[in-house]
1. Residue pairs, Cβ under 6 Å, 6 or more apart or interchain, first in the range 251-277 and assigned by TED's automatic domain parsing to the domain that holds residue 110, second outside any helix (DSSP H, G or I). List them.
2. Taking the range 247-257, which residues are part of a helix (DSSP H, G or I) and surrounded by 14 or more Cβ atoms within 10 Å (Cβ to Cβ)?
3. What pairs can you find where one residue is in the range 111-127 and in contact (Cβ under 8 Å) with a residue 24 or more places away in the chain and in the same structural domain as residue 137 (by TED's automatic domain parsing), the other is part of a helix (DSSP H, G or I) and of a type in the set (Val, Ile, Thr), and their Cβ atoms are less than 9 Å apart, with a gap of 6+ or different chains?
4. For the range 153-170, what are the residues that are part of a helix (DSSP H, G or I) and free of Cβ contacts under 8 Å to residues at least 60 places away in the same chain?
5. Which residue is surrounded by the fewest Cβ atoms within 10 Å (Cβ to Cβ), if the candidates are limited to the range 76-110 and must be of a type in the set (Gly, Ala, Ser) and either touching a residue at least 12 places away in the same chain (Cβ under 8 Å) or out of contact with any Leu (no Cβ under 7 Å at 6 or more places or on another chain) (or both)?
6. If you go through the range 212-221, how many residues are under 25 Å from the mean Cα position of the chain (by Cα) and surrounded by fewer than 17 Cβ atoms within 10 Å (Cβ to Cβ)?
Amino acid sequence: MALKKFLQELKSKMEERRFPYITSSILSLGAAVAILGRPDGSKDQSIVGYIRRFKKKVYSFAREKDTGIPILPPQEQPKPTIIFDCEDFLVKKKFSFFSFDFLVTKRAFTDLFLFHSAHLYELVHASESPVSFSRHLLHRIDPYGCISYKVYCKDKKMFSSKHLNRPLEKVVVISTREDEYHEDFDDNILKLDKWPGSPERGLLDLLNFLHNLYFTRIEDFRGTLKSYLGKDFYSAYERVQKKIFVQRNLFSWNVEKRYRERINRIDEKRQKDFERAKEIMDRDLQGKDVKEEGSILGYVFGLGIKALI
């Protein structure tokens, strides 16, 4: 068999170079490919054929039973809504060949952002990732349960205003990719660049924007959101805020310095408020036996075991 021969040759080469851990990981993945990629009547017994069938079955298992996207229950109290996907926004996922697994980097101030946003907005997470992996990821980035609803679907464009069941006048959809969500939300998009994974303070600036948007008490967010279309959001928002600050402080010295000091004071206060609340929330979480899912590759290997049973 072509696949068996390929794995044997790969094992020999890797052992010659003394990479036992990598060898073990690759062979584990190879075993999963061999199990889930079995021909089952197909004439294509090439390595590519095995990988193609493996990928198809993994996605079939990982998506789990597609029972349709649920319609969210009505809100008990009216509250604006934020829809987002954490990937490339709050986390960066990168494959590591050393550990043969995905390494996930959490964006600076994610906890603070979710905590303060949840006080003003209803947070809805929409994801195309496999359910088990997405749950594991959300448990890591949102241990305090700030996210109200977690929606899983094959394609985020399938999640429409019908499923959201909220007035669109008060909805913000954070997007990091073109054509990411259903056309119902075209006027609600706040387009951001993908977070590259480096330290920065973007979430603090975004939190300031969402805070101001909420307290302006405008009836329809969509006009404000449209004003940022085609622009770098963070730069455009800072220009607007500086302009307002200058107009209110026409006869003051060092306006630029005073503006930055004001922003820093706001950020520091929010950080202190979060730290105080965090102490209480951490105590509540202590002693609770929270079951964590395995890594995404662990999940895939688990599928291979299921197939054997």
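1. Listed by first residue and then by second, the contacts come to 255/249.
2. 255
3. Qualifying pairs under 9 Å: 111/141; 114/141.
4. 157, 161, 168, 169 - these are the residues of the range 153-170 that are part of a helix (DSSP H, G or I) and free of Cβ contacts under 8 Å to residues at least 60 places away in the same chain.
5. Selected residue: 99.
6. The qualifying residues number 1.
The values are calculated or read from the model by the stated rules, or taken from the named source; none is laboratory data. Please read all numbers here as calculations on a predicted model, not as lab measurements. Here Cβ is always computed from backbone atoms with ideal geometry, including for glycine, and neighbour counts include all displayed protein chains.
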